[in-house]
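For reference, the structure discussed in these notes is given below.
Every read-out reported here was derived from the displayed coordinates using simple, explicitly stated rules and does not represent laboratory data. Please read all numbers here as calculations on a predicted model, not as lab measurements. Note: ideal-geometry Cβ built from the backbone for every residue, glycine included; neighbour counts use all protein chains shown.
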């Protein structure tokens, strides 16, 4: 080949090669520039989430006069660290040695760690939720080791995070709930498991920040540029008092154990403003161990707040409410210029068994020939109230009775308490049908309702209804939230003012009747709080089982308030499935008066002492106690007089 031709060939080859390089450079820098820039950044930079502190929950210590008004956290965030490795920055010859040492330090099998270190990855999570002390221990070993073996110090690194901590352990567990250990992989936000954590998630979660960290031996991963500061979540201050909550939890746990029950709850509420002071439930739920509960089908049910999600037939605790409606009927007839429905003090015959609309006989636990209103509440008579409800329905119709249960006491409607999954309950409606086609309201329905059957209420509804009696006529809005503090600004949630729904005179008259229940001769004498006045009512409702009522399975409860004359709280105690048994000297232990009433007394006594409420019945103690004077004790004279009249009427 001629020199000129050879030169031309070489020049053309070089030009072609140069052109290919230009094309390749154009492809890499222009067409694929963004991709390669992203890869380069991935090798040298790491975008890290700066976690925001989740909002805290605080208890209320301000309800007791003279008590320090300090914030008592129920839930708070504590600093923890996640351990990561950059396998591609670690020389192959050291990976096994590093795996063995980390296995020793964090108690993870070395094969598991080695599997992470063998990956072609720039970031592998080795362990979550390490304490600061453990972080320091690992760094004390790692930094000298990395320096000695010329391994980038940031080949092993930590990312700070926050973990929910529960200073009171299981206390208030079902109400508070928790968040899952791992955040949502897409959003980086926490995943609440239920309760207040779920309902107030938008306020609690705050806003995570971002930081750009450098991936280089000269630049450790704990330094970098903060792109966006995190914003901590709002703090929520509860109406719950930690001391009253502890009293309630200890009291209901003891009652459940003694009665051999499946479970139970005890809830205290201030009848003046609806503030929930304690909400205890057994079996307990420990938020920090949530995985145990959700991985065991037999335990999942214990994560619910049964006082709002589960309904019960209130049984005899509804009788005083029904009796107040009978008194209202008297006022209605008075407005119309008609004869009253009944006289509370009159002698009404109560020995008949069959009533219009019922195919089965209706009877009391013990036969009574004659009763008046006070005796009927004291003895928990079904027949007395049936005599009245027949007349009520005949003269005012079924809708009038039902409407009063809803408009006065809020039954059949959600209370609006700040918890998810509240059940509205149920009251049958005249004219409406079930899905089966059967009428909700039939001939026997009024008798069932007045005994607390054929309707469903949750425990908070029952508390609210009884608060109408306790505060002498006002319907309140139950609440768990006292205030919310967001970025230093205090927010007071809107709270409806109590509204009058019942004349004070009617409420006062019913309170007087319920006071007989806790005195000698009453079905709830075991609820008598020594040194204080109280009012309340028991219930022993048969449970529905396989399409019918099981006479050996019950939900037993007591609802009442103390002091009776100026109530500090209303308290409901519910015992689910107490053992059906007979004990010599005690009798059937499943009755509300045997298992729930004593728990009411124990919890209420301790609560009154803690709150510093002065005894309003200083001589109301049993015989033998030096403080006892049954001639001066509250309601004893009235009780003796009622017993005298009862004996005259019934022999």
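Relative contact order of the chain: 13 percent, from C-alpha pairs under 8 Å at least 6 residues apart in sequence. With a Förster radius of 51 Å applied to the beta-carbon distance between residue 160 and residue 530, the computed FRET efficiency rounds to 0.40.
For residue 487 and residue 88 in the same chain, what is the full-extension length gain: residue separation times 0.36 nm, less their Cα-Cα distance, in nm? Walk me through the intermediate numbers first.
Numbers: separation 399, 0.36 × 399 = 143.64 nm, distance 4.19 nm.
Computed gain between residue 487 and residue 88 is 139.4 nm.
Helix 242-259 and the long axis of the chain differ in direction by around 70°, with both axes built from C-alpha atoms.
Treating r as the C-beta distance of residue 50 and residue 432 and R0 as 56 Å, the FRET efficiency rounds to 0.50.
To test your reading of the geometry: what angle, between 0 and 90 degrees and rounded to tens, separates the Cα axis of helix 319-336 from the longest principal axis of the chain? So the inclination is approximately 60 degrees.
Legend: ranking of residues 518, 9 from fewest to most surrounding C-beta atoms inside 10 Å; resulting order 9, 518. The label-point distance for residue 298 and residue 565, in a model that sets each label 7 Å from Cα toward Cβ, rounds to 5.2 nm. Normalised Debye scattering of the chain at q = 0.08 Å⁻¹ gives log10 I(q)/I(0) of -0.71, counting only Cα atoms as equal scatterers and leaving out solvent. Each label point was placed 7 Å from the Cα along the Cα-to-Cβ direction; for residue 358 and residue 133 their separation is 6.7 nm. Label-to-label distance, residue 272 versus residue 182, with points set 7 angstrom from Cα along the beta-carbon direction: 5.1 nm. Residues 360, 404, ranked from the fewest to the most other C-beta atoms within 10 Å, line up as 360, 404.
How big is the Rg/Rh ratio for segment 269-420, C-alpha atoms only, Rh by Kirkwood, two decimals?
Numbers: Rg = 20.8 Å, Rh = 18.9 Å.
Computed over Cα atoms, the ratio is 1.10.
For the chain, adding -39500 (n - 2.57) for each run of n ≥ 4 DSSP H residues and dividing by the number of residues yields -11000 deg cm²/dmol at 222 nm. So if I average 1/r over every pair of distinct C-alpha atoms in segment 66-155 and take the inverse, what Kirkwood radius in Å does that give? Kirkwood hydrodynamic radius for segment 66-155: 14.7 Å. Counted by neighbouring Cβ atoms within 10 Å, the residues 635, 466, 649, 190 run from fewest to most as 649, 635, 190, 466. Projected onto their three principal axes, the Cα atoms of segment 566-651 cover extents of 45, 39, 25 Å, largest first. Evaluated at q = 0.09, 0.15 Å⁻¹, the base-10 log of the normalised Debye intensity for segment 44-238, with identical point scatterers placed on the Cα atoms, takes the values -0.43, -0.97. Please work out the FRET efficiency for the pair residue 504 and residue 291, using the Cβ-Cβ distance as r and a Förster radius of 45 Å; give the result to the nearest 0.05. Calculated transfer efficiency: 0.30.
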